[in-house]
Structure formats: structure tokens, C-alpha cells
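Working notes, structure below.
The values are calculated or read from the model by the stated rules, or taken from the named source; none is laboratory data. Since the structure is predicted, the reported quantities are computational estimates derived from the model, not experimental observations. Ideal geometry is used to build each Cβ from the backbone, glycine not excepted, and the neighbour counts take in all protein chains shown. Protein only, heavy atoms only, side chains kept; ligands, DNA and RNA dropped before computing areas. Shrake-Rupley method; radii C 1.70, N 1.55, O 1.52, S 1.80 Å.
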Amino acid sequence: TPDPRLREIMQSLTRHLHAFVREVRLTDAEWQEAIGFLTETGHITDERRQEFILLSDVLGASMQTVTVNNEAYGSATEATVFGPFFVDGSPLVPQGGDISFGAAGQPCWVEGVVTDTSGNPVPDARIEVWEADDDGFYDVQYGDDRVAARGHLFSGSDGGYRFWALVPRPYPIPHDGPVGRLLAATGRSPLRASHLHFMVTAAGMRTLVTHIFVRGDELLSSDSVFGVRESLVKDFVPQPVGGVTPDGRDLGGREWSRVRFDIVLAPA
Ligand code: DHB
Ligand code: FE
């Protein structure tokens, strides 16, 4: 039996596709090229990846989907794209622990409180965090088995959390394949605005997948996957060298920063 929802989706897609073909007056050669491009995008490489999600990301379709599905969650923290670099089973760190595990970058103290939309603390929320290092790579991109710049911790009884991470830096999405060629041919940069990923889960709450961005980053207005939301742009405040850290840690004269990110979860 026909699926009514699928019929609705396909009828709308067809209508928009026809309008698009008429609007740009697509030539036969351009249509051929598009088919070739899509074929290559779906081709599985030696590293067993293909680029359909990446294409959806750079077209802004992934972020549109996230946005549409967040309209119902009013005052909860905004979500953004998941990206391909989350890994299940990251190291557990205690409150105040360091998720960098030796990855290169400037230490950053991250703290906040997890609450529900009425402002009540959410204790025991699982907070997963991951980020690229200062060379622009996630641990999984090195092709060895290192685990770095990722970890998880649990909010305390007052909903509070705190940990050491790295000040995020810009990095490019993979651009050595067909999607990278498309970006180059249309004069677009593959760089993502600097960000730190979060995934927060708690009993009875909607899972939040988001990142925080760095206020002042020049890439905020040209993020290659359109993931930036103003409410997610945070002040990463540089601290005086040699200044006392919140946990009295000795940073050996290195520069460091701190940022606050309060997280509001919607009910499930
Ligand atoms: C991220 C990386 C990507 O390659 C992408 O397409 C979307 C997001 C990221 O790590 O945030
Ligand atoms: Fe990322």
C-alpha cells in the first residue's frame, strides 16, 4: 500500500525540482554533469566513506532539518549539526577533569549549569564533548588509535559542570573529494567556524546535540555548513598568564581562557 507521508514528500520534492530546472534553464550537459557529480558523491572511497551527508551539510539541508525540528523547543538551548566526528565510548573525566589528553591547543576552562526549561537543575546529565586540536584535526583523523580532545562527564547534584578543554580553532571539512571540488568551483571556503561540540543526555529530557562558537571568530558569518546560531556564540575570555585557575591548576605559565555555557534541556 502507498505511504501517504512518502507521497507528500515526493510530490513536494518534484514540484521544487521542476521549478528549479525551469528557473536556471538547466542544459543537457549540466544535467549530465549533475548526475555524474551525484554518482561520485555516493561512491564509497577506500576509507569506506561517501559524501552524501557532507553534501547535505554544505547545501544547508542538514542545518535546515535541525532547525525545523527545534522550532517546538522554545526556551531550550538551540541545537546544531552533529558532524561526523563523534565517537561512542569517550573517556569519562571527573568534574574539573581535562578532556584534551595531550592534544595541542590553549587550555580552556568550561563551566555551566544544566537546567530544565523551568530553571530546575538537572543532576547527572551526561555531557559528551569533542573538538579538533590546534592543527585542525580530530583524533580519529590521524589514522592511529589515539583518543584526545574528547570525553564525557556528569553534571553534579546542582546541575553544575566544569572541565578543561582547548580553545576551539577553525578547521576545514573534508575537501579532497567531489564536495570539496564543488566548494572550490563556487568560491566557497571549506572552513568551519571554531566550535566545541556537546551532546547532553538526561533521564526524561530531549537529547541536545549542539556546539558553542567563539565570539569574534571571523568565520561566524561563513561557516561552511551553516551551523552558527547567535545564541550559541560564547565569550571565550583570555585570562592573565600566571593567573590563578578556578581549580588552582599550575599551567606552567601558559595562556588560558575560560567560557561559560549554561544548558537548558527540553522535556522528552
Ligand atoms: C562537522 C564536520 C563536517 O565535516 C560536517 O560536514 C559537519 C560538521 C563538525 O565537525 O562539526
Ligand atoms: Fe566539529
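Could you check region 221-234 and list, in sequence order, the residues that are within 11 Å of ligand 1 (Cβ to nearest atom) and either acidic (Asp, Glu) or modelled with pLDDT under 95 (or both)?
Once the filter is applied, which keeps residues that are within 11 Å of ligand 1 (Cβ to nearest atom) and either acidic (Asp, Glu) or modelled with pLDDT under 95 (or both), region 221-234 yields only ASP223.
May I ask you to list the residues in region 29-70 that are of a type in the set (S, T, N, Q) and in a helix (DSSP H, G or I)?
Within region 29-70, GLN32, THR39, THR41, SER56, SER62, GLN64, THR65, THR67 qualify.
For region 6-21, indicate whether the set of residues that are assigned to a loop (DSSP other than H, G, I, E, B) and at pLDDT 95 or above is non-empty.
No, the conditions are met nowhere in region 6-21.
What is the residue count in region 124-138 for residues that are within 15 Å of the chain's Cα centre (by Cα) and without any contact (Cβ under 8 Å) to a residue 60 or more places away in the chain?
5
Specify the residue that is nearest to ligand 2 (Cβ to nearest atom); the eligible residues are those in region 75-89 that are open to solvent by 70 Å² or more (accessible area, probe 1.4 Å) and at pLDDT below 95.
Applying the filter and picking the extreme gives PRO84.
Taking only region 149-177 into account, find how many residues are closer than 24 Å to ASP223 by Cβ and touching a residue at least 12 places away in the same chain (Cβ under 8 Å).
Selection size over region 149-177: 14.
Working only within region 58-69, note down all residues that are open to solvent by 70 Å² or more (accessible area, probe 1.4 Å) and either over 19 Å from SER189 (Cα atoms) or of a type in the set (Val, Ile, Thr) (or both).
Hits for region 58-69 are GLN64, THR65, VAL68, ASN69.
Would you point out which residue out of LEU92, LEU55 is open to solvent by less than 20 Å² (accessible area, probe 1.4 Å) and touching a residue at least 24 places away in the same chain (Cβ under 8 Å)?
Of the residues listed, the single one that is open to solvent by less than 20 Å² (accessible area, probe 1.4 Å) and touching a residue at least 24 places away in the same chain (Cβ under 8 Å) is LEU55.
Just to check your reading of the model, which residue among ALA104, ALA72 is at pLDDT below 95, surrounded by fewer than 18 Cβ atoms within 10 Å (Cβ to Cβ) and of a type in the set (A, V, I, L, M, F, W, C)?
ALA72
For region 165-179, give me each residue that is within 20 Å of GLY97 (Cβ to Cβ) and more than 12 Å from ligand 2 (Cβ to nearest atom).
Correct list: ALA165, LEU166, VAL167.
For region 13-42, which residues satisfy the criterion of being loosely packed, with under 11 Cβ neighbours inside 10 Å, more than 18 Å from SER56 (Cα to Cα) and not charged (D, E, K, R)?
If the condition is that a residue be loosely packed, with under 11 Cβ neighbours inside 10 Å, more than 18 Å from SER56 (Cα to Cα) and not charged (D, E, K, R), then HIS18, ALA19, VAL24, THR27, ALA29, GLN32 are the ones that fit.
Need the failing condition index for VAL264 against (1) assigned to a loop (DSSP other than H, G, I, E, B); (2) more than 16 Å from ligand 1 (Cβ to nearest atom); (3) touching a Leu at 6+ places or on another chain (Cβ under 9 Å), just the number.
With (1) assigned to a loop (DSSP other than H, G, I, E, B); (2) more than 16 Å from ligand 1 (Cβ to nearest atom); (3) touching a Leu at 6+ places or on another chain (Cβ under 9 Å) applied to VAL264, the lone miss is (1).
Name the strands (runs of 3 or more DSSP E) wholly within region 123-220 that hold at least 1 residues that are within 13 Å of ligand 1 (Cβ to nearest atom), at pLDDT 95 or above and not charged (D, E, K, R)?
The qualifying strands (runs of 3 or more DSSP E) are 126-130, 195-201, 208-214.
So which of TYR142, TYR161 is farther than 21 Å from VAL225 by Cα and open to solvent by 10 Å² or more (accessible area, probe 1.4 Å)?
TYR142
Looking at region 121-164 only, could you name the residues that are of a type in the set (A, V, I, L, M) and within 13 Å of ligand 2 (Cβ to nearest atom)?
VAL129, ALA132, VAL140, ALA149
Please enumerate the residues belonging to region 224-244 that are farther than 24 Å from TYR73 by Cα and either open to solvent by less than 60 Å² (accessible area, probe 1.4 Å) or small (Gly, Ala, Ser) (or both).
Within region 224-244, SER224, PHE236, GLN239, GLY242, GLY243 qualify.
Can you give me the number of residues within region 224-258 that are of a type in the set (A, V, I, L, M) and touching a residue at least 60 places away in the same chain (Cβ under 8 Å)?
4
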